[in-house]
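Written below as structure tokens is the structure these notes are about.
Where a number appears in this text, it was derived from the coordinates with a stated rule and is not lab data. All values derive from a computational prediction rather than experimental measurement. Every residue, glycine as well, gets a Cβ built from its backbone with ideal geometry; the counts of neighbours run over all protein chains shown.
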Amino acid sequence: MEFTRRDTLAMGLGAAVLSMVPFRASAAVDAAVEAFTGGAEMATTGIELTAPEIAENGNTVPIAVNAPGATAIMVVAAGNPTPGVATFKFGPLSGSQSASTRIRLAGTQDVVAIAKMADGSFARAASTVKVTIGGCGG
Amino acid sequence: MASGVKPRVKVPKSAEAGEVVTIKTLISHKMESGQRKDKDGNVIPRSIINRFTCDFNGQNVIDVDLFPAISTNPYFEFEATIPEAGDMKFTWYDDDGSVYEESKSITVG
């Protein structure tokens with residue numbers, strides 16, 4: 001197989017675009033996380049994120065979060081056009097610091113949940129979900 | 001107001017004082033993400049419910065900020081402590097300013 005000058009240029013451009021897209025997405029996620037935690041260190045225990053390993057339909061992916069002692073839990077999807085998913089704030093009458101809902105995922109990606117504990121510390125959990133059909137339409 | 005919005009909640013009719021009960025809520029709403037395009041290639045503007053709250057006798061149970069990544073017909077399941085008899089109030093806030101409300105009473109004993 002021979003590469004013409006045009007092919008080579010096109011491939012180089014494609015590679016450049018590919019390498020930039022994840023970088024932009026992760027920058028948005030970092031900004032969202034930073035806004036929530038204020039750049040604090042995050043523990044890896046104390047929060048549980050339940051998500052399916054494989055989701056056939058990215059339009060409704062059931063997830064559940066559980067973080068005993070949390071005052072708020074933020075969920076972000078790193079591979080979505082807009083990373084924010086939901087922020088749960090628990091009031092004085094919440095029976096447990098857990099909730100479940102259904103979310104949209106554009107493609108295979110990591111779903112991240114970050115809990116803000118009552119003592120001001122943070123905990124993080126992530127789960128990779130394989131998506132067969134993306135849920136952002138188009 | 002978006003058309004065909006109908007809140008549905010599942011709350012037990014009675015509980016013991018101090019009992020933790022599971023609440024399930026669903027509201028029919030298209031949750032247009034602002035990412036999709038119509039057949040002419042124009043972006044369909046975002047139209048979602050951006051906040052959901054649940055209160056019992058004026059005390060907050062849960063307050064959720066929603067983003068476009070929440071599925072059509074937003075569903076939430078969570079737990080609430082019932083200290084005394086009273087009303088559980090659910091409120092959904094739409095992007096267009098509409099507010100959808102639903103209320104259920106719970107008896108104790």
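Each listed q (0.11, 0.14 Å⁻¹) maps to a log10 I(q)/I(0) for the stretch B:1-81 from the Debye sum over equal C-alpha point scatterers, namely -0.39, -0.57.
The mean sequence separation of alpha-carbon pairs under 8 Å and at least six residues apart, normalised by the residue count of the stretch A:44-109, gives a relative contact order of 37 percent.
Within chain B, which is the longest segment containing none of the GluC sites (Glu not before Pro) that sit in a DSSP loop and have at most 16 other Cβ atoms within 10 Å? With a cap of 16 other Cβ atoms within 10 Å, the longest stretch comes to B:17-83.
Ranking B:S3, B:I106, A:G91 by Cα position along the charge dipole of the protein assembly as shown, where only Lys, Arg, Asp and Glu carry charges on their C-beta atoms, puts B:S3 farthest toward the positive end.
Taking a quarter of the surface of the Cα convex hull of the stretch A:83-138 gives a mean projected area of 5.0 nm². Note on the protein assembly as shown: percent of Cα-Cα distances in each 10 Å bin, starting at 0 and stopping at the bin with the largest distance, equals 7, 28, 32, 20, 7, 3, 1, 1, 0. Three semi-axes describe the equivalent ellipsoid of the stretch A:35-138; taken as square roots of 5 times the Cα gyration tensor eigenvalues and ordered largest first, they are 25, 14, 11 Å.
Taking Cα centre as origin and charging only the Cβ of basic (Lys, Arg, +1) and acidic (Asp, Glu, -1) residues, the dipole magnitude of chain B rounds to 480 debye. Peptide A:75-88 shows a mean partner chain C-beta count of 4 within 10 Å per residue C-beta. Distance from the Cα centroid of the stretch A:99-138 to that of the stretch B:40-85 is 16 Å (rounded to whole angstrom). In terms of overall dimensions, the stretch A:55-94 has a Cα radius of gyration and Dmax of 12.5, 37 angstrom. Candidates B:N73, B:I23, B:F56 compared by Cα position along the dipole of chain B: farthest toward the positive end lies B:N73, with charges placed on Cβ. Computed about the Cα centre, the dipole magnitude for the protein assembly as shown is approximately 660 debye when only Lys and Arg (+1) and Asp and Glu (-1) carry charge, each at its Cβ.
Taking θ as phi - 60° and the Karplus parameters 6.51, -1.76 and 1.60, the scalar couplings of the stretch A:45-58 work out to 10, x, 9, 10, 10, 9, 9, x, 6, 10, 10, 5, 10, x Hz in sequence order, x denoting glycine and proline. Checking the cross-link pairs B:K10/B:K89; B:K6/B:K39; A:K116/B:K89; A:K130/B:K37; A:K130/B:K24 against a 18 Å limit on the alpha carbon distance flags B:K6/B:K39; A:K116/B:K89; A:K130/B:K37; A:K130/B:K24 as lying beyond it.
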